[in-house]
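Below is one structure, written out as structure tokens; comments come after it.
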Amino acid sequence: MEENLIYCDKCNKNMGDGYELHDGLYYYCSDECLFSEIDKEEYLEIDKEGFAFWTTFEE
Ligand SMILES: [Zn+2]
């Protein structure tokens, strides 16, 4: 069986939900992790293009 676990790209925490960027290229579990990797302007830019959203991974 394949477990579909998602880990934060910053702190490696197993995420039940969090930010997904660029269609799953990057995952961040919290604002803290997200904004330690990219700045707010960059996030807003990605968000505007529709490549950033909060998502839940539990089935
Ligand atoms: Zn994290």
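The values are calculated or read from the model by the stated rules, or taken from the named source; none is laboratory data. Everything numeric here is computed off the predicted structure, so don't read it as measured data. With ideal geometry, Cβ positions are generated from the backbone for all residues, glycine too; neighbour counts draw on all protein chains shown. When the accessible area is computed, the model is the full protein with side chains, heavy atoms only, and any ligands, DNA or RNA have been set aside. Shrake-Rupley method; radii C 1.70, N 1.55, O 1.52, S 1.80 Å.
Data for the structure
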| item | result |
| --- | --- |
| Hits in segment 12-26 - residues which are open to solvent by 40 Å² or more (accessible area, probe 1.4 Å), free of Cβ contacts under 8 Å to residues at least 40 places away in the same chain and either within 19 Å of GLU58 (Cβ to Cβ) or of a type in the set (Lys, Arg) (or both) | ASN12, LYS13, ASN14 |
| In segment 8-56, the residues that are within 10 Å of the ligand (Cβ to nearest atom), among the hydroxyl-bearing types (Ser, Thr, Tyr) and within 9 Å of the chain's Cα centre (by Cα) | TYR19, TYR27, TYR28, SER30 |
| Test: ASN4 is part of a loop (DSSP other than H, G, I, E, B), surrounded by fewer than 13 Cβ atoms within 10 Å (Cβ to Cβ) and near the ligand (Cβ under 9 Å from one of its atoms) | no |
| For ALA52: the one exception among (1) open to solvent by 60 Å² or more (accessible area, probe 1.4 Å); (2) in contact with a Phe, Trp or Tyr (Cβ under 9 Å, 6 or more places away or on another chain); (3) not aromatic (Phe, Trp, Tyr) | (1) |
